[in-house]
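What follows is one structure encoded as structure tokens, with my remarks underneath.
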Amino acid sequence: MSKIISATSNWNARKFFFQWEWLLVAIFIVIHLINSLISPWYFNVNTFLTAPMSFLDKAFIVLPMMLVIILGNIDISVASIVALTSVLMAVIFNAGVPMSLALVLALFIGTMLGGINGLLLVKFKELPAMIVTLATMTIYRGVAYVIMEDRAAGGFPSWFSFFAWGHVGPFPFIMLVFAAAAVAFGILLHKTGFGRIIYGMGSNLTACKYSGIKTDRVLLIVGLLTGLMSAVCAIFLTSRMGSTRPNVALGYELDVIAMVVLGGVSTSGGTGRIAGPLLAVFIIGFLNYGLGLINVSAQVLLIILGLLLVLSVLAMNLRTTKRVKKSA
């Protein structure tokens, strides 16, 4: 009598609970415990609903950056796309264009700026993504300064502030929009053929090319998505500040990359899940919020963020090394 071979593997409790995301959950809990010691008024529903309003704008960029890094690339121009999109949106509005149309044009502008990055990567394959986006980072930020110099622009209609500060029932509007965007990107990455292609390209780009996959089109689409979500970030950030300048979103690219890497997405490409970066968004966001309660300087926040980034990379490298040794 022949044995029946099952294609499904048995559930492994050790493997399940030793996933990277559980470590992030533990860190998340520790941060809340520390914050509660810093402030006795920290643990309440209002804190968990209002605090994310101060950091969720940059979280929109985390979603496409996750795709970029799974591909084995990097994009350091996202903050400059945010700045240029915000500046152009303000200029368009102040030129007499209705704010609703200015918002649509801002989404289009940001998408096209991201598309330029994707097009450059397709046309100049010999150049690494770091160099391409370093160039566009400088260009986009430079154009923003040429347009507005060191001045600020504002005067937006009162309803525009709803994007950053408004509520739908008890929930902040920005939180609901981010939740919808996260679900959409989660489905795209884990439930579609496009997501499987992204993992494949990150693992072995050459094999994907010889398999007939249109890798150039994937790079272009990811570039467009990155630009689009950077534009969404620009809209929420400008709404939160009430005005804009060419130097907005400085350092956002480092924060976003740190969130993605801390979330367990390998910088070598091919691995990572959306749950990790989402947890990392709230870990770093609430860490900054808690340290802000005791007026910790921005320099100390950068040091802590850098240490978290280094430790997460080291931990992931150790896990990868152990897996290679076991399979050898």
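Here are a few things to note about the model shown:
- The listed residues are F194, F173, F163, F185, and the only one of them that is aromatic (F, W, Y) and under 14 Å from the mean Cα position of the chain (by Cα) turns out to be F185.
- Contact map, segment 24-43: residues that are free of Cβ contacts under 8 Å to residues at least 24 places away in the same chain paired with residues that are open to solvent by 50 Å² or more (accessible area, probe 1.4 Å) and of a type in the set (A, V, I, L, M, F, W, C), Cβ distance under 9 Å, separation 6+ or inter-chain. Pairs shown: S36/F43.
- The helices (runs of 4 or more DSSP H) found entirely in segment 86-169 that carry 1 or more residues being more than 30 Å from V68 (Cβ to Cβ) are 99-123, 162-165.
- In this entry, A152 passes the filter for residues that are open to solvent by 10 Å² or more (accessible area, probe 1.4 Å) and in contact with a Lys or Arg (Cβ under 7 Å, 6 or more places away or on another chain).
- Of everything listed in (1) at pLDDT 75 or above; (2) open to solvent by 50 Å² or more (accessible area, probe 1.4 Å); (3) of a type in the set (S, T, N, Q), the single unmet condition for S239 is (2).
Residues checked against (1) touching a residue at least 60 places away in the same chain (Cβ under 8 Å); (2) closer than 30 Å to G193 by Cα; (3) among the hydroxyl-bearing types (S, T, Y):
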| site | (1), (2), (3) |
| --- | --- |
| V78 | yes, yes, no |
| V91 | yes, no, no |
| G96 | no, no, no |
| M99 | yes, no, no |
| I109 | yes, yes, no |
| L134 | no, no, no |
| T138 | no, no, yes |
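- Enumeration of residues in segment 142-183 that are touching a Ser or Thr at 6+ places or on another chain (Cβ under 8 Å) and polar (S, T, N, Q): S161
- One residue alone among K15, K3 is assigned to a loop (DSSP other than H, G, I, E, B), open to solvent by 10 Å² or more (accessible area, probe 1.4 Å) and either at pLDDT 95 or above or farther than 24 Å from I174 by Cα (or both), and that residue is K3.
- Scan segment 42-57 for residues that are more than 15 Å from F236 (Cα to Cα), open to solvent by 30 Å² or more (accessible area, probe 1.4 Å) and part of a helix (DSSP H, G or I) and the total you get is 4.
- Once segment 165-199 is narrowed to residues that are in contact (Cβ under 8 Å) with a residue 12 or more places away in the chain and more than 28 Å from I74 (Cα to Cα), the residue that is least open to solvent (accessible area, probe 1.4 Å) is P172.
- Long-range neighbours under 6 Å by Cβ, at least six apart or interchain, first residue in a loop (DSSP other than H, G, I, E, B) and modelled with pLDDT of 95 or more within segment 202-215, second hydrophobic (A, V, I, L, M, F, W, C) and buried (at least 16 other Cβ atoms within 10 Å of the Cβ): none
The values are calculated or read from the model by the stated rules, or taken from the named source; none is laboratory data. On a predicted model such as this, the values are computed, not experimentally measured, just so you know. A quick note on method: Cβ atoms are made from the backbone with ideal geometry, for glycine too, and the neighbour counts reach across all protein chains shown. For the accessible areas, the whole protein counts, side chains as well, though only heavy atoms, and no ligand, DNA or RNA atoms are used. Shrake-Rupley method; radii C 1.70, N 1.55, O 1.52, S 1.80 Å.
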